[in-house]
1. Rounded to whole Hz and in sequence order, give me ³J(HN,Hα) for the range 246-263 from the Karplus expression 6.51 cos²θ - 1.76 cosθ + 1.60, θ = phi - 60°, writing x for Gly and Pro.
2. Could you work out the helix-only [θ] at 222 nm for the chain, with each DSSP H run of four or more residues adding -39,500 (n - 2.57) and the total divided by the number of residues, to the nearest 500 deg cm²/dmol?
3. Let me spell out the model: positive unit charges on the Cβ of Lys and Arg, negative unit charges on the Cβ of Asp and Glu, origin at the Cα centre of the range 165-263. What dipole size does that give, in debye rounded to 20?
4. State the extension gain, in nm to one decimal, for the chain segment bounded by residue 52 and residue 39, taking 0.36 nm per residue of separation less the distance between their alpha-carbons.
5. Read phi for every residue in the range 184-198 and hand back ³J(HN,Hα) as whole Hz from Karplus 6.51 cos²θ - 1.76 cosθ + 1.60, θ = phi - 60°, with x for Gly and Pro.
6. Along the positive direction of the dipole of the range 59-115 (beta-carbon charges: Lys, Arg +1; Asp, Glu -1; about the Cα centre), which of 98, 76, 65 reaches farthest?
7. I'm spelling it out carefully: the read-out is Rg/Rh (Cα atoms, Kirkwood Rh), the candidates are [x] 1.40; [y] 0.99; [z] 0.96, and one was derived from this structure. Which label?
8. Considering the options 177, 235, 205, tell which one lies farthest towards the positive end of the dipole of the chain, charges being +1 on Lys and Arg and -1 on Asp and Glu at the Cβ, about the Cα centre.
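Just so it is clear, none of the values below were taken in a lab; they were calculated from the coordinates. Quick caveat, the model's predicted, so the values are computed rather than measured. Cβ: placed from backbone, ideal geometry, glycine included. Neighbour counts: every protein chain shown.
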Amino acid sequence: MAVSTLPPLPTALSARARALRPAERLCHAVGLLLVLSGLAHLIVFAVDGGPWDGPVSWRKPVTFGLSFGVTLIAIAWVTSYLRVAERPRSALLAVFAADCGVEVGGITLQAWRRVPSHLNMQTPFDTAVSMTLAVGGGVLVGLLTVFAVAAFRHRPAGPAGMALAVRSGFAVLLVALASGAAMIARGVVLTRTGHQQEAYRSTAPLKPLHAVSLHAVLVLPALAWLLSRTPWSEPVRTRVLTGAVLAYATAVVATGVWAALTS
């Protein structure tokens, strides 16, 4: 969807003067359910046991539920600072919420069936689930890329440093999307060529990079928001935030180098 030419009044300023939009409420509700699902499966893991690592474990519904839930809520909040027309933003958020639900639902279903969720082509049903997750991942990449483009096309609103935080968060998020796509692409190629077990192992080097870079879009804007509540001067807040951005970028580079060396 196209980003429209907007009036100078930032979306975020009006967002604080009104109730949440229906799409935002949907994101918060679905995000909370996904977080609760992740926590519930942590209890299941504690009771049922089994391996934490590997393609078949309770780790996947736990980590995906928590990660998708937190990310969904974060995106609903962070995009309120973007200068995007309300209707396109609401539509994108609604699709994003639905897609997050499908992704976590498919992963959770396969965990209960005790079979791998990704790269699993063993049966027609498993193939359908795996391909649904892959397509859903592509949709997530597209939606988040649209928001990232909007962040750089128009300066985000908000307190001092928020524009830097939002833009940096989305830039790092693109690294997470690229690493996730690379894991899926490499795994699918190995699966299609008959190397199923190698396909499962092939994702391991990129997982830390994907995990570290995924949540910058929450951490950095949240830090900017917290700094805006301090009595510090604007230059001091900006320096602190700039240091945090550099530190986060260093962590992403370090995990990227580790992934390259261990691949």
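1. 5, 5, 5, 4, 5, 5, 5, 4, 4, 5, x, 5, 4, 4, 5, 6, 9, 5
2. The helix-only estimate for the chain comes to -26000 deg cm²/dmol at 222 nm.
3. Details: 8 positive and 2 negative charges, 11 e Å.
In debye, rounded to 20, the range 165-263 gives about 60.
4. On the way: separation 13, 0.36 × 13 = 4.68 nm, distance 1.46 nm.
The span from residue 52 to residue 39 would gain 3.2 nm if fully extended.
5. 5, 4, 5, x, 5, 4, 5, 5, 5, 9, x, 10, 4, 5, 5
6. Value: 65.
7. The value matching this structure is [y].
8. 235
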